[in-house]
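Colleague: Structure incoming, see below.
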Amino acid sequence: MSEEANPRLMANKQLDLAAEVLGLDPNLHAFLREPIMVVEVSVAVRLDDGRIRLFKGWRSQHNRFRGPTKGGIRYHPDTNLEEVVALSMWMTWKCALVNLPFGGAKGGVCCNPPEMSRGELERLTRRYTFLLSPFIGPEKDIPAPDVYTDAQTMAWIMDTFSILSGYTVPGVVTGKPVDLGGSVGRVEATGRGCVFTIREVLKHLGIDPEKTTAAVQGYGNVGSNAACLLTDLGVKVIAATDVHGGVINRDGLDTRALKQHVGETGSVVSFPGTSPISNEELFALDVDILIPAAMGNVITSHNAGKIRAKVIGEGANGPTTPEADRILRDNGVFVIPDILANAGGVTVSYFEWVQNLYNFHWDEKRVNHELEKVMVQAFNEVHEMAKEKQVDNRTAAYLLAVDRVARAGAERGLFP
Ligand code: GLU
């Protein structure tokens, strides 16, 4: 892996930049560069053919200054310790930026879900939960969905943890099915939050959404929901890609029909009325808005210079390397950094956790309204900070987040 593509180095570089501008205490800085605890597990799973296979898994808890740790669990063949640690650090900043009373965590299991049966995924999830059970809980660390995990995965985690506890514990995970104490609006929340921030940017730039076009990389939960909500804003979404390929229609895609097509076929490829397009071509399209909504490390020094979009809304975690950030800044691209653009998911996760704690359910109108308030306020704070300190949006977001975490740490002091 090249140095530029190493997520942990990338996360530390971003922190170092903010620490310098903030004049962060060197002791706290060193503390924040490392996760407080990482658990590594070997998840033994009986496969459908009778064999037993071991899968490596991790849970990284980066920081607890502001509250219990929070963050998703991803199942992916490329996930590894370095990535999980970086993602847990980004969760700390994300939670602080939108002012949630959480620290950051992330989990990952190195496996390939499209090649596994439902039974194998269930057994993997239950065994992983069992191994993590001493370290998670509503007051300790609260997992949620991420890449290749969903409400069903959360239901299995909740059930396993509840059986081990001897009573039902809905608050141990968020992103659950609504029947089991999940929050309405949670599935769409990351995409919705991303679109709220894009709407605010367009307002600020004086651009009419009805006169804009967009391209979306990744048409999973985040990308597809963002695309549908952009369409509702009047934005013409002209292209979408995924791991299998991509589609373009310059007159605009029917984003909801495309979502249904992906649900039925597993990919955007062959969506009627479109021409094929590669990921590489998507990034260089002459669109106003670009949404990377899949994996990390997709905007690098190699392709950043080719990007023609005015606004990038980072639906994914860690899509842009620090080297690419510099190029985008020089080219005047308005980047809405991941810890802001995709914070809608964890924000509604927080609402779900709160609802679970007091056993009361909000309706969708309330969830979306509270989400909008959080996203708009965070956007305004980042934007003000960027202007005040003359820094890019990512650095501004880090200044706000790192300062909040550092203040909490200084106030709590060091034990013993
Ligand atoms: N996995 C999501 C993220 O990266 C959501 C985390 C959560 O809801 O805890 O922000």
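Colleague: Testing Thr213 on (1) buried (at least 20 other Cβ atoms within 10 Å of the Cβ); (2) away from the ligand (no atom under 16 Å from the Cβ); (3) under 21 Å from Ala293 (Cβ atoms), one condition comes back false. Which one is that?
Modeller: Here Thr213 meets the rest and fails (1).
Colleague: Looking at the range 164-175, which of the residues that are under 30 Å from Asn80 (Cβ atoms) and more than 11 Å from the ligand (Cβ to nearest atom) is surrounded by the fewest Cβ atoms within 10 Å (Cβ to Cβ)?
Modeller: Per the stated criteria, the residue is Leu164.
Colleague: Something else: Within the range 90-107, does at least one residue satisfy the condition of being part of a strand (DSSP E or B) and without any contact (Cβ under 8 Å) to a residue 12 or more places away in the chain? Even if it seems obvious, please write down each step before you answer.
Modeller: From the range 90-107, those part of a strand (DSSP E or B) are 103-107; that's our starting set.
Still in the list and also without any contact (Cβ under 8 Å) to a residue 12 or more places away in the chain: none.
No, every residue in the range 90-107 fails to be part of a strand (DSSP E or B) and without any contact (Cβ under 8 Å) to a residue 12 or more places away in the chain.
Colleague: I'd like the full set of residues that are touching a Lys or Arg at 6+ places or on another chain (Cβ under 8 Å) and not in a strand (DSSP E or B), limited to the range 21-52. Working first, answer last.
Modeller: First pass over the range 21-52, keeping only residues touching a Lys or Arg at 6+ places or on another chain (Cβ under 8 Å): 21, 36, 38-47, 52.
Result: Val21, Ile36, Leu47.
Colleague: Out of everything in the range 329-352 that is outside any helix (DSSP H, G or I) and under 10 Å from the mean Cα position of the chain (by Cα), what residue ends up being nearest to Glu314 (Cα to Cα)? Quick ask: steps written out before the conclusion?
Modeller: To start, the set of residues in the range 329-352 that are outside any helix (DSSP H, G or I) comprises 331-337, 342-343.
Imposing the further condition that a residue be under 10 Å from the mean Cα position of the chain (by Cα) reduces the set to 342-343.
Values: Asn342: 7, Ala343: 10 Å.
This residue is Asn342.
Colleague: Same structure, new question: What number of residues within the range 314-328 satisfy the criterion of being more than 16 Å from the ligand (Cβ to nearest atom) and either at positive phi or part of a helix (DSSP H, G or I) (or both)? Break it down stepwise before answering.
Modeller: Our first condition is that a residue be more than 16 Å from the ligand (Cβ to nearest atom); within the range 314-328, this holds for 321-328.
Narrowing further to those that are either at positive phi or part of a helix (DSSP H, G or I) (or both): 322-328.
Of the residues in the range 314-328, 7 are more than 16 Å from the ligand (Cβ to nearest atom) and either at positive phi or part of a helix (DSSP H, G or I) (or both).
Colleague: For the range 124-153, name all the residues that are surrounded by fewer than 24 Cβ atoms within 10 Å (Cβ to Cβ), in a helix (DSSP H, G or I) and within 13 Å of the ligand (Cβ to nearest atom).
Modeller: Passing the criteria: only Ala151.
Colleague: Further question on the same structure: Anything in the range 325-365 that is buried (at least 24 other Cβ atoms within 10 Å of the Cβ) and over 30 Å from Ala155 (Cα atoms)? List them, or say none.
Modeller: Result: Asp325, Val335, Ile336, Pro337.
Colleague: Here's another thing I want to ask about it. With (1) farther than 16 Å from Pro35 by Cα; (2) among the acidic types (Asp, Glu); (3) within 15 Å of the chain's Cα centre (by Cα) as the list, and Glu83 as the residue in question, which single condition is left unmet?
Modeller: Here Glu83 clears every test but (1).
Colleague: Kindly check whether there is at least one residue in the range 216-225 that is surrounded by fewer than 24 Cβ atoms within 10 Å (Cβ to Cβ) and free of Cβ contacts under 8 Å to residues at least 60 places away in the same chain.
Modeller: no
Colleague: Another question, then. Only residues that are crowded, with 18+ Cβ neighbours inside 10 Å and part of a helix (DSSP H, G or I): list them for the range 387-403, please.
Modeller: Within the range 387-403, the first condition is being crowded, with 18+ Cβ neighbours inside 10 Å, and the residues that meet it are 391-402.
Hits for the range 387-403 are Asn393, Arg394, Thr395, Ala396, Ala397, Tyr398, Leu399, Leu400, Ala401, Val402.
Colleague: Select from the range 234-252 the residues that are over 22 Å from the mean Cα position of the chain (by Cα), surrounded by 15 or more Cβ atoms within 10 Å (Cβ to Cβ) and either hydroxyl-bearing (Ser, Thr, Tyr) or not in a strand (DSSP E or B) (or both) and list them in ascending order.
Modeller: Val235, Asn249
Colleague: Now for a separate question. Which residues, counting only those in the range 53-81, are more than 12 Å from the ligand (Cβ to nearest atom), within 24 Å of Gly409 (Cβ to Cβ), in contact (Cβ under 8 Å) with a residue 60 or more places away in the chain and outside any strand (DSSP E or B)?
Modeller: Once the filter is applied, which keeps residues that are more than 12 Å from the ligand (Cβ to nearest atom), within 24 Å of Gly409 (Cβ to Cβ), in contact (Cβ under 8 Å) with a residue 60 or more places away in the chain and outside any strand (DSSP E or B), the range 53-81 yields Asn63, Phe65, Arg66.
Colleague: For the range 329-353, what are the residues that are touching a residue at least 60 places away in the same chain (Cβ under 8 Å), aliphatic (A, V, I, L, M) and more than 8 Å from the ligand (Cβ to nearest atom)? Before you say what the answer is, go through the steps one by one.
Modeller: Residues of the range 329-353 touching a residue at least 60 places away in the same chain (Cβ under 8 Å): 329, 334, 336-353.
Filter once more, so that each one left must be aliphatic (A, V, I, L, M): 336, 339-341, 343, 346, 348.
Across the range 329-353, the qualifying residues are Ile336, Ile339, Leu340, Ala341.
Colleague: Which pairs do you get when a residue that is in a helix (DSSP H, G or I), found in the range 184-207, comes within reach of a residue that is of a type in the set (D, E, K, R), reach meaning Cβ atoms under 7 angstrom, with the pair 6+ apart or on two chains?
Modeller: Pairs that qualify, where the first residue is in a helix (DSSP H, G or I) and the partner is of a type in the set (D, E, K, R), are Arg186/Glu352; Phe196/Glu372.
Colleague: Does any residue of the range 217-226 turn out to be within 13 Å of the ligand (Cβ to nearest atom) and either part of a loop (DSSP other than H, G, I, E, B) or acidic (Asp, Glu) (or both)?
Modeller: Among the residues of the range 217-226, at least one is within 13 Å of the ligand (Cβ to nearest atom) and either part of a loop (DSSP other than H, G, I, E, B) or acidic (Asp, Glu) (or both), which makes the answer yes.
Colleague: Only one of these conditions is not met by Asn297: (1) assigned to a helix (DSSP H, G or I); (2) within 19 Å of Val216 (Cα to Cα); (3) in contact (Cβ under 8 Å) with a residue 60 or more places away in the chain. Which number is it?
Modeller: Asn297 satisfies all of (1) assigned to a helix (DSSP H, G or I); (2) within 19 Å of Val216 (Cα to Cα); (3) in contact (Cβ under 8 Å) with a residue 60 or more places away in the chain except (1).
Colleague: Could you tell me whether any residue of the range 360-375 is out of contact with any His (no Cβ under 8 Å at 6 or more places or on another chain), polar (S, T, N, Q) and without any contact (Cβ under 8 Å) to a residue 12 or more places away in the chain? Please lay out each step first, then the result.
Modeller: Restricting attention to the range 360-375, the residues satisfying the condition of being out of contact with any His (no Cβ under 8 Å at 6 or more places or on another chain) are 360-375.
Filter once more, so that each one left must be polar (S, T, N, Q): 368.
The next check asks that each one be without any contact (Cβ under 8 Å) to a residue 12 or more places away in the chain; those that pass are none.
No: zero hits.
No lab work stands behind these numbers, since they all come straight from the coordinates. Nothing here was measured: the structure is a model prediction, and the numbers come from that model. Because the Cβ atoms are built from the backbone with ideal geometry, glycine has one as well, and the counts that use them run over all protein chains shown.
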